[in-house]
Amino acid sequence: MARPIVATIHSDALRHNLSIIRQVASESQIWSVVKANGYGHGLERIWQSLRDTDGFALLNLEEAILLREKGWKKPILLLEGFFSPEELETLDRYRLTTCVHSNWQIQALAQATLSAPLDIYLKVNSGMNRLGFQPEQVNNAWHKLRNSDNVGEITLMSHFACAEEPEGIQEPLRRIELAAKDIVSSWSLANSAATLWHPHSRRDWVRPGIILYGASPSGRWQDIASTGLRPAMSLQSEIIGIQNLRSGETVGYGRRYQTSREQRIGIVACGYADGYPRHAPTGTPVYVDGVRTCTVGAISMDMLAIDLTPCPEVHIGTRVELWGNNIRIDDIAQAAGTVGYELMCALAPRVPVVVAN
Ligand SMILES: *Cc1c(COP(=O)(O)O)cnc(C)c1O
């Protein structure tokens, strides 16, 4: 028998989440963000479940080419643009829409030999201060692009640093409006948080990522509990060992947990080398045999320990949910001081994945 850990990708949840986003942003087109191998779900496994989307946004050429080779004909957006002038040939061949965030990219585009113009997302730095043109530079960049025969449609794009906060996009929006005061174009601004919580930012194209996968952009599951979004990934394993301990014994590396009474402990075949966060403290929730219990002691590379007090019927071979429908990935992430995004992306290659319809 194989090691019992398995991740399940729920295709129905992906389809369902996309349809919820459609309802929420009914006036906008949708870029489904599938960067980082579909947030760790596996681009090849998930893209067909999202085929009702208007486009896919990602940032590796390999992933873009994969989608084209599988037959995806609708738009693909490169969120970080191209990384060298030589890549423009590939963008041309595969008809990829590219973000443009720097002057060298404008020059490279102007000098390239293309079979047809490329559509451009001109990136406005609205205060995130990672990529993009300052508001006062945008007009100039726009005109340079507009004057190039290699440039097709231009969309203005920006990305919010704090869209999960009620007042988080006011100042960015002010800068964006300043940048665009003399420009007529379509707009793409909203990530998941803005798509859900800032209706006036949705504009022409929204760019949801994390909510496609059923986790919360704020890191708090309660914030999306009323949306109907469903987890697209679950991680399950089994109990592979049981220890009946006396009071005063310790569990795992560093003796980080000590029993204060007789206690039955279950050992689960899942550790940080599978992608479970090593920083999850004692008390991190786990679902087993229909009840919520919790981890005890340190997370090891290949195993973790759980308290079996609330579930005395558990035996070797009992299924355990680490995250999924009963235990939200956001709750595990929060316990470990991170976000659902990181846990999804960190699912380890050694974990077998099955796709459920
Ligand atoms: C990752 C990313 C998104 C999606 O963000 P979520 O918070 O997952 O919705 C949107 N736009 C850009 C530019 C991104 O890099």
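The values are calculated or read from the model by the stated rules, or taken from the named source; none is laboratory data. Worth saying up front: this structure is predicted, and the values here are computed from it rather than measured. As a convention, Cβ positions derive from the backbone with ideal geometry for all residues, glycine included, and neighbour counts pool all protein chains shown. For the accessible areas, the whole protein counts, side chains as well, though only heavy atoms, and no ligand, DNA or RNA atoms are used. Shrake-Rupley method; radii C 1.70, N 1.55, O 1.52, S 1.80 Å.
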From most to least accessible, 1.4 Å probe, no ligand or DNA/RNA atoms counted, MET157, MET1, MET301 line up as MET1, MET301, MET157
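For each pair in LYS35/LYS123; LYS74/LYS144; LYS35/LYS181; LYS74/LYS181; LYS35/LYS70; LYS73/LYS123, compute the distance between the two Cα atoms and list the pairs where it is over 22 Å.
Numbers: LYS35/LYS123 18 Å; LYS74/LYS144 27 Å; LYS35/LYS181 31 Å; LYS74/LYS181 30 Å; LYS35/LYS70 17 Å; LYS73/LYS123 24 Å.
LYS74/LYS144; LYS35/LYS181; LYS74/LYS181; LYS73/LYS123, as the Cα separations exceed 22 Å there.
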Charge dipole (the chain, unit charges on Cβ, about Cα centre) - positive-most of LEU88, LEU189, TRP72: TRP72
Considering the alpha-carbon set of region 11-215 alone, what are its Rg and its Dmax in angstrom? 16.3, 46
Of THR227, MET344, CYS294, whose Cα points farthest to the positive end of the dipole of the chain (charges on the beta-carbon: +1 Lys, Arg; -1 Asp, Glu; origin at the Cα centre)? CYS294
Label zone at ASN147, where the point sits 7 Å out along the Cα-to-Cβ direction: region 62-103 residues whose backbone N lies under 18 Å: 102-103
For the chain, what's the relative contact order in percent, using C-alpha pairs closer than 8 Å and at least 6 residues apart? 19
Solvent exposure, largest accessible area first (probe 1.4 Å, DNA, RNA and ligands not counted), of LYS73, LYS35: LYS73, LYS35
Working from the alpha-carbon coordinates of region 233-356, get Rg over Rh, Rh being the Kirkwood radius. 0.95
P(r) of the chain over all Cα-Cα pairs, 20 Å bins starting at 0, rounded to whole percent, reads 28, 48, 21, 3
In debye, nearest 20, what is the charge dipole magnitude of region 109-203 about its Cα centre with +1 on Lys and Arg Cβ and -1 on Asp and Glu Cβ, if you could check? 120
Highest mean packing first, using Cβ neighbours within 10 angstrom, the peptides 207-217, 344-354 sort as 207-217, 344-354
Calculate for the chain the 222 nm mean residue ellipticity that helices alone would give, adding -39,500 (n - 2.57) per DSSP H run of length 4 or more and normalising by residue count, nearest 500 deg cm²/dmol. -6500 deg cm²/dmol
Determine the percent antiparallel among the DSSP beta bridges restricted to the chain, to the nearest 5. 50
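So for GLU249, GLU321, GLU177, what's the accessible-area order with a 1.4 Å probe, most first? Don't jump to the answer; show the numbers that get you there.
On the way: GLU249 60, GLU321 15, GLU177 105 Å².
The most accessible residue leads, giving GLU177, GLU249, GLU321.
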Accessible area (Å², 1.4 Å probe, nearest 10) - HIS143: 90
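Return one whole number: the accessible area per residue of the chain in Å², for a 1.4 Å probe. Numbers along the way, then the final one.
Working: 15730 Å² over 357 residues.
Dividing the accessible area of the chain by its residue count gives 44 Å².
Based on Cβ point charges of +1 for Lys and Arg and -1 for Asp and Glu, what charge dipole magnitude is obtained for region 11-215 about its Cα centre, in debye rounded to the nearest 20?
On the way: 21 positive and 24 negative charges, 57 e Å.
Rounded to the nearest 20 debye, it is 280 debye.
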Of HIS10, GLY127, LEU156, which is farthest towards the positive pole of the chain's charge dipole, taken about the Cα centre with +1 and -1 on the beta-carbons of Lys, Arg and Asp, Glu respectively? HIS10
Leaving out ligands, DNA and RNA, and with a 1.4 Å probe, what % of the accessible surface on the chain is carbon or sulfur? 47
About the Cα centre, and with charges only on the beta carbon of Lys, Arg (+1) and Asp, Glu (-1), how big is the dipole of the chain? Nearest 20 debye, please. 340
